[in-house]
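Here the structure is laid out as structure tokens; the discussion comes afterwards.
The values are calculated or read from the model by the stated rules, or taken from the named source; none is laboratory data. Source: prediction; values computed, not measured. Cβ atoms come from the backbone with ideal geometry, glycine included; neighbour counts cover every protein chain shown.
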Amino acid sequence: MATDAFRWEVDPKAIEASLGKLRERIRAAVEQGRYTKVRFSYKGRQFGPDVPLAGVLAAEGLSFALLGPLQVLLVNLGVKAFVEVEFVHEASERVREGEDLFAAGEVDEAEQKYREALTMKPDDGGALYRLGVLLRVTGRRDEAIACFEKVAAMADHADQARAAEALDRMSRGGRNL
């Protein structure tokens with residue numbers, strides 16, 4: 001499970017400024033925090049459909065009320081030893097929809113989905129890479145290069161190497177991605 005964390009330091013002499021920075025960080029997290037589904041997998045393979053986040057939270061609350069905190073904690077620790085829990089961001093859904101549209105030849109609609117994903121999550125490397133491919137295929141070379149450069153600069157991203165390779169081919173005048 002990947003989580004986004006941030007560090008917050010409080011300067012005792014500037015409490016108001018520190019609180020203002022915290023408010024801004026929370027506001028940005030809320031704006032980008034469109035996690036709407038939960039995906040469960042075992043040994044890297046998903047089992048069952050994605051479950052709405054509200055349903056998982058309701059089940060957690062109900063189990064807490066019925067079983068008590070200690071039993072819920074033990075069950076959660078036991079289940080998490082075998083089952084991987086991943087929060088699915090709404091932007092990921094838009095990227096998947098864009099991939100399906102691009103594969104079906106609906107280029108304009110696919111671009112719209114990728115851009116929606118980037119509006120929700122501006123640092124989404126998957127959306128940036130796929131948008132770069134789409135832009136390159138449609139002849140918008142400079143925009144494609146900008147997308148690939150952003151992805152190539154992302155440390156430990158799955159599409160980082162492919163973006164760097166695409167940039168290399170484009171700099172040599174290659175047409176194929």
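Applying the selection to segment 40-55, what residues are touching a residue at least 40 places away in the same chain (Cβ under 8 Å) and exposed (fewer than 10 other Cβ atoms within 10 Å of the Cβ)? Don't jump to the end; show me each part of the working.
Here is the first cut: in segment 40-55, the residues touching a residue at least 40 places away in the same chain (Cβ under 8 Å) are 40-42, 44.
Gly44, the sole residue that qualifies.
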Item to check | helices (runs of 4 or more DSSP H) within segment 97-174 that include 1 or more residues loosely packed, with under 14 Cβ neighbours inside 10 Å and among the charged types (D, E, K, R) | outcome: 107-120, 141-152, 160-171
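Here is a list: Glu99, Glu84, Glu109. Which entry is assigned by TED's automatic domain parsing to the domain that holds Ala54, within 26 Å of Arg39 (Cβ to Cβ) and either over 14 Å from the mean Cα position of the chain (by Cα) or without any contact (Cβ under 8 Å) to a residue 24 or more places away in the chain (or both)?
So the residue among Glu99, Glu84, Glu109 that is assigned by TED's automatic domain parsing to the domain that holds Ala54, within 26 Å of Arg39 (Cβ to Cβ) and either over 14 Å from the mean Cα position of the chain (by Cα) or without any contact (Cβ under 8 Å) to a residue 24 or more places away in the chain (or both) is Glu84.
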